[in-house]
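Report on one structure; see the data block that follows.
What follows draws every value from the coordinates through simple rules; no lab data is involved. Note that the structure is a prediction, hence the values are computed from the model and not measured. Neighbour counts are summed over all protein chains in view; Cβ atoms, including those assigned to glycine, are modelled from backbone coordinates with ideal geometry.
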Amino acid sequence: MAIKDEPNGVLYTYLYPRSFSGVVQANAAQAELQRRALNGDAQADFFLRARTPATFLSGDDGTAAEAAPVPAEKAAAKGKKKDKAKDKDKKKKGKKDKAKKDKKKKKKDK
């Protein structure tokens, strides 16, 4: 299929090459998007202004896996948050227990 027959979204995915032949294809895709934008295609203009590759159009290009945290890291982060919350609860409970003991001592002293 020729570049001129491709939809705007597919042309956009060509703008982020991974090889030399991809660079040639990216230049052609950019020229086609610019031609369409000059002819009044708002979507082509939008794709030209976009700054990052759209993984939702091209599938998984590997960058999503790098950016997404590993499930084990997520679990560890949640565990740390829970541990911090437990530590705070223990400190509060210890302070309350100490306050109760102090009150009992004061009552006995009277």
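For the peptides 97-105, 35-43, 22-30, 9-17, the ranking by packing is 9-17, 22-30, 35-43, 97-105, with the highest mean count of neighbouring Cβ atoms within 10 Å listed first.
Stretching the chain fully between residue 50 and residue 102 yields a gain of 12.2 nm (0.36 nm per residue, less the alpha carbon separation).
For residue 35, neighbours were defined as the other residues whose beta-carbon sits under 13 Å from its Cβ, and their charges (Lys and Arg +1, Asp and Glu -1) total -2.
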